[in-house]
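Notes to accompany the following structure.
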Amino acid sequence: MNMNMNISEVGKEAAEELAKLTGLDPSTLVSISKKDENEWKVVVEMVERHGIPDSSDILGIYEILTDNEGKLLSFCRSGMRRRMDMVGGEDE
């Protein structure tokens with residue numbers, strides 16, 4: 001791994017590693033931020049259950065901490081939603 005991963009590499013690596021660990025499919029990269037000099041925080045939505053139509057998929061929201069080399073340090077599911085449900089917005 002490259003010690004100086006850029007933000008897109010960090011997001012891609014985190015989602016791929018989480019997919020390997022959980023067996024879930026990545027859906028959406030929600031956010032990436034530098035936590036400190038040695039860690040990145042990545043939030044990604046993973047498909048917990050595929051639905052028909054796709055808008056009824058159940059998505060898990062996962063918070064991931066990685067080191068500068070893209071190695072997972074920890075992860076946790078912080079929430080779930082149906083794909084069709086709106087999240088965020090001006091009122092939240």
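The values are calculated or read from the model by the stated rules, or taken from the named source; none is laboratory data. Everything numeric in this text was worked out from a predicted model, so none of it was measured. Cβ coordinates were reconstructed from backbone atoms using ideal geometry, including for glycine residues, and neighbour counts include every protein chain displayed.
The requirement of being surrounded by fewer than 15 Cβ atoms within 10 Å (Cβ to Cβ), modelled with pLDDT of 85 or more and under 14 Å from the mean Cα position of the chain (by Cα) is satisfied by residue 79. Restricting 65, 73, 59 to residues that are within 19 Å of residue 5 (Cβ to Cβ), touching a Lys or Arg at 6+ places or on another chain (Cβ under 7 Å) and assigned to a strand (DSSP E or B) narrows the list to 65.
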